[in-house]
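The values are calculated or read from the model by the stated rules, or taken from the named source; none is laboratory data. Note that the structure is predicted; figures quoted are calculated from it, not measured. Here the Cβ positions follow ideal geometry from the backbone for every residue, glycine too, while neighbour counts run over all protein chains shown.
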Amino acid sequence: MTETFYGTGRRKTSSARVYLRPGSGAVTINGRSMDQYFGNEVLKMIVRQPLDLVEKNQELDVTVNVEGGGIAGQAGAIRHGISRALLRLDGEMRPKLKAAGLLMRDPRKKERKKYGQKGARARFQFSKR
């Protein structure tokens, strides 16, 4: 049995469960290949970033279950999850991943709409008369 390394990644309202196994470098997201799941090259690059940084993109198979949010938030959550799983694989990668800012969860979320206003910060138009 090959060993599996797990990492949870989150961004905005997306949450990704990431599993790393020794293999040929295949990335499977919700049962589909990365090319089928993400049409945009930039999003594919975001997902591959931690693997490229530690030069393990051809050595590990990545299996992901991701839910919530949009595709950009999901790509960020997957990147965060892969980075955390790589730490479980080898703790020596920590300085490299930390320097690239891949271990920190992006805390930005949509601000809630406030009562008496049009949106989170936008007000209704003011008129003197």
(message) Given the criterion under 11 Å from the mean Cα position of the chain (by Cα), touching a residue at least 12 places away in the same chain (Cβ under 8 Å) and surrounded by 13 or more Cβ atoms within 10 Å (Cβ to Cβ), identify the matching residue among Val66, Val54, Val27, Val62.
(response) Val66
(request) With the checklist (1) closer than 20 Å to Val18 by Cα; (2) in contact (Cβ under 8 Å) with a residue 24 or more places away in the chain in hand, flag the one item Asn40 doesn't pass. (result) (1)
(request) Quick one: Glu92 ticks every box in (1) touching a helix residue (DSSP H, G or I) at 6+ places or on another chain (Cβ under 9 Å); (2) assigned to a helix (DSSP H, G or I) except a single one, so which number is it? (result) (1)
(message) If I filter region 99-118 for residues that are of a type outside the set (A, V, I, L, M) and assigned to a helix (DSSP H, G or I), do I get at least one hit?
(response) no
(request) May I ask you to verify whether Arg105 is touching a His at 6+ places or on another chain (Cβ under 7 Å), under 26 Å from Pro22 (Cα atoms) and modelled with pLDDT under 95? (result) yes
(request) Could you please find all residues in region 47-71 being hydrophobic (A, V, I, L, M, F, W, C) and over 16 Å from Ala85 (Cβ atoms)? (result) Ile71
(request) Scan region 1-47 for residues that are touching a Gly at 6+ places or on another chain (Cβ under 8 Å) and assigned to a helix (DSSP H, G or I) and jot them down. (result) Ile46
(message) Condition first: closer than 22 Å to Glu3 by Cα and of a type in the set (A, V, I, L, M, F, W, C). Now tell me which residues in region 75-102 satisfy that.
(response) Ile78, Ile82, Ala85, Leu86, Leu87, Leu89, Met93, Leu97
(request) For region 48-77, name all the residues that are in contact with a helix residue (DSSP H, G or I) (Cβ under 9 Å, 6 or more places away or on another chain), within 19 Å of Pro22 (Cβ to Cβ) and outside any loop (DSSP other than H, G, I, E, B). (result) Arg48, Pro50, Leu51, Asp52, Leu53, Leu60, Val62, Val64
